[in-house]
1. Would you work out what percent of the accessible area of the chain, with all protein chains in place, is carbon or sulfur (probe 1.4 Å)?
2. Highest mean first, how do 219-229, 298-308, 410-420, 148-158 rank when packing is the count of other Cβ atoms within 10 Å averaged over residues?
3. Which percent, to the nearest 5, of DSSP beta bridges fully inside the chain are antiparallel?
4. How large are Rg and Dmax for region 245-365 when only the alpha carbon atoms are used, in Å?
5. Angle, helix 204-219 long axis vs. longest principal axis of the chain, Cα atoms, 0 to 90°, nearest 10?
6. Using modelled amide H (1.01 Å from N, peptide plane; none on Pro or chain starts), what sits under 5 Å from the amide H of residue 495, excluding residues fewer than 5 places away?
7. Just the Cα atoms of region 405-484, one point each, no solvent: what log10 I(q)/I(0) does Debye give at q = 0.11, 0.20, 0.21 Å⁻¹?
8. Less than 13 Å Cβ to Cβ from residue 168, Lys/Arg counted +1 and Asp/Glu -1: what total charge do the surrounding residues give?
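The values are calculated or read from the model by the stated rules, or taken from the named source; none is laboratory data. In this text, all values refer to a predicted model and were calculated from it rather than measured experimentally. Methodologically, a virtual Cβ is constructed for each residue, glycine included, from the backbone with ideal geometry; neighbour enumeration extends over all protein chains shown. Ligands, DNA and RNA are excluded from the accessible area calculation, which covers all protein heavy atoms including side chains. Shrake-Rupley method; radii C 1.70, N 1.55, O 1.52, S 1.80 Å.
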Amino acid sequence: MAPSRIRCDRTAAWGQLARHFDAGGRTFDLRRAFDVDAGRFEAFSQQAPHLFADLSKNLLDADTQALLLALARECGLESHRAAMFAGEAVNSTENRAVKHWLLRGGGQPGDADAEATRATLAAMLAYAEQVRADAAITDVVNIGIGGSDLGPQMAVAALHAHVIAGKRFHFVSNVDGHELAAVLHGLRPESTLFLVASKTFSTLETMTNARSARRWFEEKGGSDTARHFAALTSNVEAARAFGITTTFGFWDWVGGRYSLWSAIGQPIAIALGAAGFRELLAGAQAMDRHFAEQPLEQKLPVRLGLLDVWYRNFHGFSSRSIAPYHSALRRLPAYLQQLEMESNGKSVDTDGQPLPYGTSPVLWGEPGTNGQHAYFQMLHQGTDRVPVEFIAVREPAHELPAHHELLLANAVAQAQALMQGKPDAGGHRNFAGNRPSTFFVLDALTPASLGALLALHEHRVFTSGSVWGIDSFDQWGVELGKVLAQDVAGRLASGDIDGLDGSTAGLLRRLGAGRTES
Ligand code: F6P
């Protein structure tokens, strides 16, 4: 049983934070904060495993930070974190343990789950090496959606400098046949490996795409399904029933959006090789240790998660923009959207009681510098203040002169402009400034630094979700749409619009409901 937790807005610290906000937090001025404190950068930045984070351009001072830490203590963050690492059922609505960290090498000696994890990892990596050595396989197609797509897709793109030459990686997620058709176009069955990735092995999109891929494979003369299809799933029986005999399993204690460390990471392992995948796990594990072992005030995920609470519940900011200044991190915003919004987009506490305060912000973003020429206008001069998170990588993975310096300069300049503003420019040229941002620096984009960055965000989401008193590991909010889609699909085919609301009926008619019925 997960330990019961006091609701955050009923703690003494919450009241103190509200008073602190009214007494100066609301009007906190970053420029002044730097003027009066020469040590602000050092005080509000830190080196964590594999990455550096500068939080100094955020709307907080030492008192804010102390009160936020007091809030975390009162809410039982440390015991909740310990409960997760002890394998307790912190996913209380599904009565499940949450042990994705075990996949990164955590756990006590003799722990049966840790042993199973090690054995599965060894099998998965042996397979990855076998595929890498097989020159006849030139195309790897991952079929999966949500956590069975976003993590592997993001990581393979992010680490392209480390990806094996001679193989292409494709990711098909959408039930929209345009996506699969575009990927299949130009492939040959004999040189293609399909990885059907689905924790449940029942997701509509994935099963539809997997069936179509198998049909294409057979129609194009493919014969050896065992060689050309593998399943990555916690439902190995369903994969076998589907006809896939090459399977890599995982467990119900790995949530979909936390699963790239499991067999779901097979495309990453094929792309990077066993050593690279182990480095990714090791980077994440270094962050796990940091989260578990550092004093509360030095845990970077905690500082970030508490900042998120401060912004959401006191400043009232409802969104956060992710600005990776590295084109290889182009899928990171989408990955973080699922991680944070599916985890913390909840409006009831763990007992199912409605919450009177905001939870997950909206996350969004594009790589820099592209975003600068699109929506940064709103970030600098719009009516809403949106905290921005810059991610910069010191060493480029290319040798083109001048580009990287310009890229880094732009990232730093944007953070500077958001804060400094140009408040005396007048009228349309006025920049109010005082707009907060966080700045992450990775020395290089490597499997280890990416692993650490992702685990940092997992634990940050854990922190804010824990303070908010929600179950960050369920996702009941995705169910209703799935059920209704089944009903609507039947009605679209039959033309039966009886009992539907006017808009749904009108849209079905407009979309040609019943056209296919004889
Ligand atoms: O519909 C949401 C969801 O359940 C996600 O949580 C999950 O990552 C995704 O669907 C895919 O699920 P599966 O891996 O079971 O196909």
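1. For the chain, the apolar C and S fraction of the accessible surface comes to 52 percent.
2. On the way: 219-229: 14.5, 298-308: 24.2, 410-420: 18.6, 148-158: 25.9.
Going from most to least packed, we get 148-158, 298-308, 410-420, 219-229.
3. Restricted to the chain, the bridges split so that about 25 percent are antiparallel.
4. 17.1, 53
5. The angle comes out at about 40 degrees.
6. 514
7. So the normalised log intensities are -0.61, -0.97, -0.99.
8. Neighbourhood net charge equals +1.
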